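Sharing a structure, written as structure tokens. Questions coming.
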Amino acid sequence: MAKSTKVSLTLLGIIIILGFIVVAIVETVKLSYHTVDEAYSELVLKEHGIRKNQDRLVEKAYYSVERYTFIPYVLNDKVSMLHLEKGFFGWRMRSHYLNFDANGSSVYSDINNLNGETILYGVIPENITPEVRVVKIDDMEGKIFKLNERTSVFLFLTESKDDTKYTGIQFFDSNGNVIGI
């Protein structure tokens, strides 16, 4: 093969690889948002057909920790949670947990492993929501989001991949007493 043919094929290969890299970057940028609110508007409001001025129909909370933001929300008696991650090009969706029964209980808890971390989340039973001040799994205390008078969600973010060790979710009142379900 002639030297010029080898050079041409090498250049063609480099151009093709660079093209794939450009396409990957463009697609990543398209899936990223400048702010958490922009991501919420695009991913949640549009999905449910809600215009920005109708956002009051959705009861929501924000919780940010390190590079993550969690937005639990209630719409039509269903609890969902948007999980965003801050990346190089902005905020992007990590996951979107949809349609837990807002009148349900921690039975709907779920575990999601990512990047060496475990996310545990669920709905606090409606009948004890007004009383709950603390939620624990073993000795870990979780974050509680009160979305309305009847609906609260809990969230744990741990640095362990071993999700088998998290067994009993317990709810406590303001006096530190365990609340039975």
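With r as the distance between the Cβ atoms of Ile50 and Glu149 and R0 = 22 Å, compute the FRET efficiency 1/(1 + (r/R0)^6) and round to 0.05. The partial results should precede the final answer.
Values: r = 22 Å, r/R0 = 0.98.
Computed FRET efficiency for Glu149 and Ile50: 0.50.
For Lys78, which sequence-distant residues (separation of 5 or more, or a different chain) have an amide H within less than 5 Å of its own amide H, given hydrogens modelled in the peptide plane?
Ala102
Now for a separate question. What net charge do the residues around Asn177 carry, taking every other residue with its C-beta under 12 Å from that of Asn177, with Lys and Arg at +1 and Asp and Glu at -1?
Values: positive: Arg133; negative: Glu131, Asp173.
With Lys, Arg at +1 and Asp, Glu at -1, the net is -1.
Read-outs: derived from the displayed coordinates by stated rules, not from any lab. Only a predicted model underlies this, so the values are computations on that prediction, with no experimental measurement involved. Positions of Cβ are backbone-derived with ideal geometry, glycine not excepted, and every protein chain shown enters the neighbour counts.
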